[in-house]
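The values are calculated or read from the model by the stated rules, or taken from the named source; none is laboratory data. In this text the structure is predicted, and so the values were computed from the model without any measurement. Note that we place each Cβ from the backbone using ideal geometry, even for glycine, and neighbour counts take in every protein chain shown.
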């Protein structure tokens, strides 16, 4: 999803050229212009894109021009790292609930949220009006967490568990495999390549 | 890098067809066959690929047929989550050193490793024979960590810090932006798309 990367590059720039974006992301100028053409006439030849208008258009396209409420299932080190990650707040992602099955964690407060028992998910999720669920439990508990989240009307899941999850049609799922990114690095070092495809 | 995803799908299967791989990854059969054609004659028409031989060939191609030693700079929740992540060990990534600048953390033991002062990196890195560095510090400290790692002869960096890092030519860098993956999920939910490109 190159649009996300363009958004990062634009940052708070007032003007940015397609070649700046192309260099930063590692694609051709022509590819940048093609990707951004559908967003309207935001560029001026020889000057570049209006950074503010372009960022706004990309955010609209990505569905980021509104807040997204999310819950996290599994309150371990990964969840704590996510809760402390400032990037989410900038992008209008808000964590509104934490769930775990560990009695020692239930009732404790993490980042201002009280950890609730995972069994209460179906009942609590509607009240919390969360659309996205983050699965940060071990692989063995991931399907149970996904099933509870889907029963409760979640629309999308981000999962860090190294497990294939079955979800109903219509629920979107984005798996994050931290080992794959380390593999990509090893591949680049090993081969001296600049690119990651295929 | 689709090869990494193929490797995940193959798992311990003895036989796997291009259409199984295509379905699991969301590309066409023809794309799978093109991607794997360069690895040798590992498939039999009507039967599928030999899972063990294919996994071996992909691991060789990715540089994963040998161990990789890595150090982590910044021993917070994210580092702890990485150290507990079993996927790395399966892929022969080994964490051999932990570094931090927090006096309260230096000298403590995490996952069997003693946390060392970040200033000792240049001296320690050669002794540890680590080729990869993982930057898990806040954005404000990330460039300093990268500079120390590069001075010490690191070959590749995986960085979780939301910051653009300058590194010498020849050092490979793979940034991981956790917010981008949540953005991708929001995009899929918002638009109802099945795919993430572009």
Just for helices (runs of 4 or more DSSP H) wholly inside segment B:1-89: which have at least 3 residues that are touching a residue at least 24 places away in the same chain (Cβ under 8 Å) and either farther than 23 Å from residue A:161 by Cα or at the interface with chain A (Cβ under 8 Å from one of its Cβ atoms) (or both)? B:2-10, B:29-37, B:51-61, B:77-83
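If you scan segment A:130-163, which residues turn out to be over 25 Å from residue B:86 (Cβ atoms) and within 18 Å of the chain's Cα centre (by Cα)?
So in segment A:130-163, the residues over 25 Å from residue B:86 (Cβ atoms) come out as A:130-132, A:150-156.
Matches in segment A:130-163: A:130, A:131, A:132, A:154, A:155, A:156.
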For segment A:119-135, name all the residues that are in contact with a strand residue (DSSP E or B) (Cβ under 6 Å, 6 or more places away or on another chain) and surrounded by 20 or more Cβ atoms within 10 Å (Cβ to Cβ). A:121, A:130, A:132, A:133, A:134, A:135
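Going by the structure shown, is residue B:97 within 12 Å of chain A (Cβ to nearest Cβ), closer than 22 Å to residue B:67 by Cβ and within 21 Å of the chain's Cα centre (by Cα)? Spell out how you get there, then give the answer.
Values: within 12 Å of chain A (Cβ to nearest Cβ): no; closer than 22 Å to residue B:67 by Cβ: yes; within 21 Å of the chain's Cα centre (by Cα): yes.
The answer is no for residue B:97.
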Could you check residue A:98 against (1) modelled with pLDDT of 90 or more; (2) surrounded by fewer than 20 Cβ atoms within 10 Å (Cβ to Cβ) and say which number it fails? (2)
Would you mind listing the strands (runs of 3 or more DSSP E) fully within segment B:108-195 where at least 1 residues are within 13 Å of chain A (Cβ to nearest Cβ) and either at pLDDT 90 or above or closer than 30 Å to residue A:169 by Cβ (or both)? B:132-135, B:156-159, B:172-175
Please work out which one of (1) farther than 20 Å from residue B:62 by Cα; (2) in contact with a strand residue (DSSP E or B) (Cβ under 8 Å, 6 or more places away or on another chain) is the condition residue B:10 fails and give its number. (1)
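Do the conditions hold for residue A:105, that is, is it more than 30 Å from residue B:3 (Cβ to Cβ) and not in a loop (DSSP other than H, G, I, E, B)?
Numbers: more than 30 Å from residue B:3 (Cβ to Cβ): yes; not in a loop (DSSP other than H, G, I, E, B): no.
No, not satisfied.
Only residues that are crowded, with 19+ Cβ neighbours inside 10 Å and out of contact with any helix residue (DSSP H, G or I) (no Cβ under 6 Å at 6 or more places or on another chain): list them for segment B:60-75, please.
Kept after step one, since they are crowded, with 19+ Cβ neighbours inside 10 Å, are these residues of segment B:60-75: B:62, B:64, B:68, B:70-75.
Selection gives B:64, B:70, B:71, B:74, B:75.
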Odd one out for residue B:173 among (1) in contact with a helix residue (DSSP H, G or I) (Cβ under 6 Å, 6 or more places away or on another chain); (2) surrounded by fewer than 22 Cβ atoms within 10 Å (Cβ to Cβ); (3) under 27 Å from residue B:63 (Cα atoms): (1)
